[in-house]
Amino acid sequence: MQWISNLTNLTIHIGNTSFENPIWVASGTFGYGTEAPELVDVNQLGAIVTKSITRQPREGNPPPRIVETASGMINSIGLANIGVEKYIKKLLPIYEGLSTKIIMNIAGTDIQEYVEIMEMVESVSSAIAGYEINISCPNVKKGGMEFGVDCEMTAKLTETLRGITERLLIMKLSPNVSDIVSIGLSAENAGADAVSAINTVVGMSINAKTGMSDIFTTYGGLSGPAIKPIGLVAVHKLYQQLTIPIIGIGGIVSGEDAVEYMLAGATAVQVGTANFRDPGISENIIDSLKNILNESNRKVAADLIGTVQTH
Amino acid sequence: MIIERARIKSNRPLAHEIWEMQFEAPNIAREYMGSGQFINILTVDDWNHPLRRPMSIASSEDGFVSIIYKIFGNMTRELTQKKSGETLDLLGPLGNIFSKWDNGSYPILIGGGVGLAPILNLKKACDDNKIEYTMIIGARSGNEHFISHEPEKNIYLTTDDGSMGEKGTVMVPLQRLVEINKNAFIFACGPEPMLRAVKEFAINNDIQAQLSVESYMGCGIGFCQGCVIQRKISKIQTHSYHEKYSLVCMDGPIYNAMDIKFD
């Protein structure tokens, strides 16, 4: 019954930006959004968070870079990316033509690198809605992790970038810390519009037959349904303490998963590993979310946020 | 590339732990370009195993595509349980194709282990185009072979244990046959040690060779950037982000032997 679905309202707001729906695709799991037009209508998505961009292009790590694990996978791509100059020249013009929102994910090894990248993007006209700051990539030596595990560094980076852009500033948090809430609070107090949680969980996979580690860098980032409970905890804890919106990430493959994250406190969610299996899965998740809302008494997706009942 | 829910037409063992599965997949068959391309199969619908499995297309005609797969782990063992009439979710066709096999040189087709499918596919293309060739298929033992050792038809089998065909690896007949066919062009698919040997042999003897390489894949469409192989020259990449690595799923899986490095 089409008329019923028209009653559902999937719109969500972060800062002063509104998104048509809360289903986004996560950085590093959807390329630059231009790879598979035959398989997915990107304009249906709430937003695309593009693959991490560094100041210079990066080759990434030697293979093997990925391995499947129980209900998940471990990756160690090593931030392979085209670099900010090519991003500005080749991709920003393409993004002008999309109706979905583009969130640019930025990674750096020191504050100066993040600043340079953002200043370069801010210096040109573009349609991007904002930035997600990768302070938590586990796969790069001297990578963003040192920011993501330290409250002071997180605050300093957030504050510096806040001074450069009026666009959305989203800090992406690592689960590989002792207290994710204190990092989130540091980001909030320093002016972030939102936090996204979680990045991948550090993991390892070993081949018993060969005695070899399955990933070149030995450790990698675990993602997929295996980490959903970890992501839900992070979102739920952050929601108790933060006032800015939280974007939930970790093992979302269905409309039910998206609802669970929103009940835990997420304003929006990002679909990650599931894109590797089915690039169009987010469109299905949007439809499923609509159906779930229709079947319940809550027609407004945003009404779900943080309403989980606990014992 | 298309995602298609394909009906299984047949699923049967060909030899010890080697199976063939045929799908009714008209959309993938329509887009199929040639030997070397692969499909990415979702072997289970639950999320215990999130990733698809890449399988080279062994044949494609009249709306059907087939694969030949070796039982390797739980997922491939699960595939053997599928019955005709059931459906599987396929993504494809993906990747590039063997080329120049019809350019007047003498193709030597080499397959080993799991690398049989694209080689048998190319054999059929040669047959259909009345192109003469030699084919060498290697296995550990005779029970893994499902075609006949017929040197008179230029089809040679090898086994590590000597139980069928010639004893040794595919390199044994290859070295001899190249002597006879000065205009040889090698097309090979198989386990990495075999490809390394073929590559080294081809380069040392100044013979052109195209290799179909394997890589652990996350998606097959360039999203994950996981399935890289190191390359020697810069012109073979179009989908990876830089020069050092090439994406096997989109720039490959077929490479000129001299363009890639296995280390």
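The values are calculated or read from the model by the stated rules, or taken from the named source; none is laboratory data. Being a predicted model, the structure only gives us computed values, none of them experimental. FYI the Cβ positions are ideal-geometry reconstructions off the backbone, even for glycines, and counts take in every protein chain you see. SASA here: full protein model, heavy atoms, side chains in, ligands and nucleic acids out. Shrake-Rupley method; radii C 1.70, N 1.55, O 1.52, S 1.80 Å.
Before moving on, here are some points about what is shown:
- Per-residue shielding of A:61-70, expressed as the average number of other chain Cβ atoms within 10 Å of the residue Cβ, stands at 6.
- Of the peptides A:49-61, A:189-201, A:11-23, the order by per-residue mean of other Cβ atoms within 10 Å, starting with the highest, comes out as A:189-201, A:49-61, A:11-23.
- Solvent-accessible area per residue, Å², over the stretch B:106-261 with all protein chains present [probe radius 1.4 Å]: 40
- With the convex hull of its Cα atoms as the shape, the stretch B:1-131 has an orientation-averaged projected area of 7.9 nm².
- Rounded percent of accessible protein surface that carbon and sulfur make up, chain A, 1.4 Å probe: 51
- Per-atom-type breakdown for chain B gives carbon and sulfur 48% of the accessible area (1.4 Å probe, protein chains only).
- Within the same chain, aspartates and glutamates fewer than 8 places from B:K182 are excluded, and of the rest, those with a Cα less than 12 Å from its Cα are B:D206.
- Reachable lysines, given that their alpha-carbon falls under 22 Å from the alpha-carbon of B:K9 and they are not under 8 places away in the same chain: B:K70, B:K82, B:K83, B:K124
- Across chain B, Cα pairs under 8 Å and at least six residues apart give a relative contact order of 17 percent.
- B:M1 exposes around 30 Å² of accessible area when a 1.4 Å probe is run over every protein chain in place.
- Distance-filtered residues of the stretch A:235-266 - backbone nitrogen under 16 Å, label point 7 angstrom along A:V300 Cα→Cβ: A:263
- Per residue of chain B, the DSSP helices (runs of n ≥ 4 H) give a summed -39500 (n - 2.57) that works out to -5000 deg cm²/dmol at 222 nm.
- Ranking B:P13, B:G111, A:I227 by how far each Cα lies toward the positive end of the dipole of the protein assembly as shown (charges on Cβ) leaves B:G111 at the top.
- Taken along the Cα-to-beta-carbon direction at a fixed 7 Å, the label points for B:K124 and A:M120 span 4.9 nm.
- A simple charge model with +1 on the Cβ of Lys and Arg, -1 on the Cβ of Asp and Glu and nothing else charged puts the dipole of the stretch B:27-163 at about 160 debye relative to its Cα centre.
- Taking all Cα pairs closer than 8 Å and separated by 6 or more residues, the relative contact order of the stretch B:106-261 comes to 18 percent.
- For chain B, built as a Gaussian network whose Cα springs stay under 10 Å, the top-fluctuating residue of B:T87, B:T158, B:T169: B:T87
- Cβ neighbours within 10 Å from other chains - mean over B:243-252: 2
- A Förster radius of 35 Å, combined with the Cβ-Cβ distance separating B:D45 from A:T11, puts the computed FRET efficiency at roughly 0.65.
- Per DSSP, loop trypsin sites (Lys or Arg not before Pro) in the stretch B:152-194 with at most 11 further Cβ within 10 Å: B:K182
- Dipole of chain A computed with +1 at Lys/Arg Cβ and -1 at Asp/Glu Cβ about the Cα centre; of A:G184, A:Q112, A:I102, farthest Cα towards the positive end is A:Q112.
- Taking both sides together, the accessible area buried where A meets B is about 3000 Å² for a 1.4 Å probe.
- Protein heavy-atom accessible surface, 1.4 Å probe, per residue over chain A: 39 Å².
- Within 10 Å of the Cβ of each residue in A:268-275, the mean number of Cβ atoms contributed by other protein chains is 2.
- Straightening the chain between B:I180 and B:D62 buys 38.7 nm, computed as 0.36 nm per residue apart minus the Cα-Cα spacing.
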